[in-house]
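Read through the structure below, which is laid out as structure tokens, and then see the notes.
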Amino acid sequence: MKVIDSMWFNTAYGHFGFVVGENDMGERKLYAGVVGGHNQNADEQTILSWGHKVNIDMMEGLIAKTTKSLGVKGIINLF
């Protein structure tokens, strides 16, 4: 699987990454995992081989929750 892109998060407890991979058919999938953090290429391959396939719909739902909707009451209170 070919690496298209990756994003990394470093914490006191380790290194976590997202990797977009593309298979021979041109299909792209997003994987996530915890790695050693010493070699980006090796870490990307580890995540593509052993990482968790990310559910994009679930992630979009989670991201949508980062902004609050005013709703009807909130809009009325603006006036």
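The values are calculated or read from the model by the stated rules, or taken from the named source; none is laboratory data. All figures in this text were calculated on a predicted structure; none of them were measured in a lab. A quick note on method: Cβ atoms are made from the backbone with ideal geometry, for glycine too, and the neighbour counts reach across all protein chains shown.
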Residues being under 11 Å from the mean Cα position of the chain (by Cα), among the small types (Gly, Ala, Ser) and exposed (fewer than 10 other Cβ atoms within 10 Å of the Cβ): count how many of those fall in the stretch 9-63.
0
Is it fair to say SER69 is of a type in the set (Ser, Thr, Tyr), out of contact with any Lys or Arg (no Cβ under 6 Å at 6 or more places or on another chain) and modelled with pLDDT under 95?
yes
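Matching residues to (1) farther than 13 Å from LYS2 by Cβ; (2) touching a residue at least 12 places away in the same chain (Cβ under 8 Å); (3) outside any strand (DSSP E or B):
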{"site": "MET25", "(1), (2), (3)": "no, no, yes"}
{"site": "LEU30", "(1), (2), (3)": "yes, yes, no"}
{"site": "GLU44", "(1), (2), (3)": "no, yes, yes"}
{"site": "THR66", "(1), (2), (3)": "yes, no, yes"}
Taking the criterion of being at pLDDT 95 or above, small (Gly, Ala, Ser) and in a helix (DSSP H, G or I), would at least one residue in the stretch 49-57 satisfy it?
yes
